[in-house]
Each structure stands twice: as structure tokens, then as C-alpha cells.
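**Q** Can you read through this structure? Questions will come right after.
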Amino acid sequence: MRPQAECLDKVIKMVEQLPEEGKIWFNGAFVDWKKAQVHVLAHGLHYGSGVFEGIRCYATEKGSFIFRLKEHVDRMYRSAALYKMEIPYTKAVMTDAIKETVRINGFDACYIRPIAFYGYHHLGVNPAGNPVDCAIATWRWGAYLGEDALKNGIRCIFSSWCRIDPRTLPVTAKATGHYLNSQLAVFEATERGVDEAIMLDINGYVAEGPGENIFAVKNAILYTPEAESAILPGITRDSVITIARDIGYEVVEKPITKAELLSADEAFFTGTAAEVSPIREIDDVTIGEGKRGEVTSVLQKKFFDVVNAKEEKYMSWLEPVSI
Ligand SMILES: Cc1ncc(COP(=O)(O)O)c(C=O)c1O
């Protein structure tokens, strides 16, 4: 098998197929999973003109809770505004629809994927005049990089592809087309046999992973690229910064060089999918002691306590859903 085919084959064996059961909220009504379909000439399919969110619902001893739902919905509408897209539902309707999708599918814990994209009408580059189609799907999803990754850390490479630049695209938007950039980085990681890629910005500073923000720890101080740099300012990033500062850690948002990251005591990714994932190696260089570091362990534990409704102080981040 050619190396590229071998690589794709490996990925195909790794990933689980979508479940194809339950209901999807599609333009205001619930439809069967397999009936949530669009035309092959939908604008979003041809030009990547869509915005979306990735949200987690956690099953806890106090019931099911969606983590920072308001912030996710706000970001989705901000992403849409950056692309002059008008989502034809209010935030309140979208929020209720997300909760109802979780409820109707009966998941106590799941991943939630709301999306708004330009649908079928005409295929000029300018999407104006096309309908904005909206959907919300849910499915069960465990640890994105695997349970072992959360405990023992992951191996990364620096991607040869730079993260999209704020002068090229509004990087703060979570837009479907932006993920072509992420895909190139992920291909490289897979081809080189590691778990994940790290992208630099066009000036050579550390930006983020294909679907995660990044932190370095040196002398118990946390460093992460600024929210205004070439990153998607993550909701998990914001949560971890808040939690860290509340514990008493200093958090510095600044440009990070490759050398600073490689010589960090600890490094970790944050993201809805990756949660708090320690990084133990980059480009064959061991980070710190090559395992989940002390500060990362503290923050990871606290993060899981927060999402599992064990921390009174952060209960306002949790949106209850009665299953
Ligand atoms: C490119 C990128 N960066 C960072 C993140 C982390 O963001 P969040 O913590 O809001 O999931 C994501 C995931 O949404 C992402 O796709």
C-alpha cells in the first residue's frame, strides 16, 4: 500500500462511524438521523460557508449538564456575524433546540454539534440569497485523544503548515472552511505516527493545535498565546485560565516561541474535544519529565471536577438538561 493510503487506512480503522440513530434538529423540526440531508449543490458544501460549535454534555451525580452552553451559542452567532450570515433563529430558540436535542435523544452524556450553513439556491461565491440551514446533532463521544492521552500525555509534531493568519480569515470564527487548515496539520501528525500536530503562526510563534489551544508551564507559571493572536479563543482555554488564576497560578498570555515550548516544564492542550490533554513529546523532544506534569494534573483534576458538577463555585457554567 502507498504510504498515503496506508496512513488513511490507519485513520479509518481508528475512528468510529457516526451512530445513525436518533433525531437531528433540522431547520426547526426533529427528523430521523438519516433524513437530515442537503442538496449536493448546497453553497456550504462548495465554499465552506458555514459556522458551527462543538459542545459537551456531561453526566454527573447531580444530573446532566451542558458545559458553558451560553458561551458556545454566543460564539456561534459571533462566527456567523463575521461572515455576514444571519442565523434565522434567535439565540434563545437555538439554546432551547440544543437542550431539546440532547433530551430527545436520551443521552446523559454526549457531544453536541450545532451548525449553520448556506444551503441550496445559487452557487455564486457571494452566498447572499441562499437560505441559512441549521442543524443540531448529538452523539456519544469519549476522550478525543483517548483515555491514555489524558493520563500519560500525547506525542506531537510541529506542522509545516502555518495556522491561518488573522489578516487572511477571521480566525476567531469557528467556520467550516477554516478546518481545511486543521486537516493539513492532522494529516501530517498521522503520517508521522504521532497523536496531534501543533501549528505555528506565520511569524513562527506557537499558535495552537488543529482543534485545541495550547499552554506551556515554566516554573509553575502558565503561558498561552494571546486571544487576539492566530488562534480560535477556546472556551476551555478561558475556563482553564479562570480556574488556574482562582487557584493562584499566574497565567501570562504572550507570544510563545518553539524553543520556549520545547524547554517548558509541562505543556498541555485544551479544547471541548481534548478537554485538558498533557503533551509529553514534540518532534521527538521530551517535554519536562515526559509525562503529565504537576500543574497539568492539578488543572486537569479541577477541570473534571468542574464539568462533573463537583465545584459549587463554577455551577453557573453548567446548564442542566433533564434526560
Ligand atoms: C482550531 C481550534 N482551536 C481551539 C479549539 C478549542 O476551543 P473550545 O475550547 O472552545 O472547544 C477548537 C475547538 O473548538 C478549535 O477547533
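**Q** In a GNM of the chain with a 10 Å cut-off on Cα contacts, which of Glu20, Glu208, Glu260 has the highest mean-square fluctuation?
**A** Glu20
**Q** Hey, what D do you get for region 3-139 in µm²/s if you plug the Kirkwood alpha-carbon radius into Stokes-Einstein at 25 °C and 0.890 mPa s?
**A** 151 µm²/s
**Q** Where does helix 179-191 land angle-wise versus the long Cα axis of the chain, in degrees 0 to 90, nearest 10?
**A** So the inclination is approximately 50 degrees.
**Q** Mind jotting down the three principal axis lengths of region 147-307 based on Cα atoms? Whole angstrom, largest first.
**A** That works out to 37, 30, 28 Å along the principal axes.
**Q** Report relative contact order for region 35-119 in percent, whole number only (criteria: Cα-Cα under 8 Å, sequence separation at least 6).
**A** On the way: 94 pairs, mean separation 40.1, N = 85.
Result for region 35-119 is 47 percent.
**Q** Something else now. For Arg113, Arg68, Arg103, what's the fewest-to-most ordering of other Cβ within 10 Å of each Cβ?
**A** Arg103, Arg113, Arg68
**Q** Rounded to the nearest 10 degrees, what's the angle between the helix 3-14 long axis and the longest principal axis of the chain, both from Cα atoms, 0 to 90?
**A** Approximately 80 degrees, to the nearest ten.
**Q** Still on this structure, I have one more. Any idea what the dipole of region 147-307 comes to, in debye rounded to 20, about its Cα centre with Lys/Arg Cβ at +1 and Asp/Glu Cβ at -1? The partial results should precede the final answer.
**A** Details: 16 positive and 26 negative charges, 27 e Å.
That gives region 147-307 a dipole magnitude of about 120 debye.
**Q** Rounded to the nearest 10 degrees, what's the angle between the helix 69-82 long axis and the longest principal axis of the chain, both from Cα atoms, 0 to 90?
**A** 70 degrees
**Q** Please name which of Thr90, Asn105, His178 has its Cα lying farthest along the dipole of the chain towards the positive end, using unit charges on Cβ (Lys, Arg +1; Asp, Glu -1) and the Cα centre as origin.
**A** Thr90
**Q** Let me ask something else. Provide the convex hull volume over Cα atoms per residue for the chain, in Å³. Intermediate values should be presented prior to the final figure.
**A** On the way: hull volume 44.5 nm³, N = 323.
Per residue, the Cα convex hull of the chain comes to 138 Å³.
**Q** Along region 42-47, what does the Karplus equation 6.51 cos²θ - 1.76 cosθ + 1.60 (θ = phi - 60°) give for ³J(HN,Hα), rounded to whole Hz, x for Gly and Pro?
**A** The phi angles translate into 4, 4, x, 6, 8, 10 Hz.
**Q** Which links in Lys84/Lys174; Lys62/Lys151; Lys218/Lys313; Lys91/Lys174; Lys70/Lys99 stretch past 20 Å when you go from one Cα to the other? Don't skip to the answer; put the middle values down first.
**A** Details: Lys84/Lys174 14 Å; Lys62/Lys151 25 Å; Lys218/Lys313 27 Å; Lys91/Lys174 16 Å; Lys70/Lys99 11 Å.
In this structure, Lys62/Lys151; Lys218/Lys313 lie more than 20 Å apart at Cα.
**Q** Sorted from fewest to most neighbouring beta carbons within 10 Å, what does the list Phe65, Phe30 look like? Show your work: numbers first, answer last.
**A** Values: Phe65 22, Phe30 16.
Least to most surrounded, the residues fall as Phe30, Phe65.
Computed from the coordinates by the stated procedures, all read-outs in this text should not be read as laboratory data. Computed from a predicted structure; not experimentally measured. Ideal geometry is used to build each Cβ from the backbone, glycine not excepted, and the neighbour counts take in all protein chains shown.
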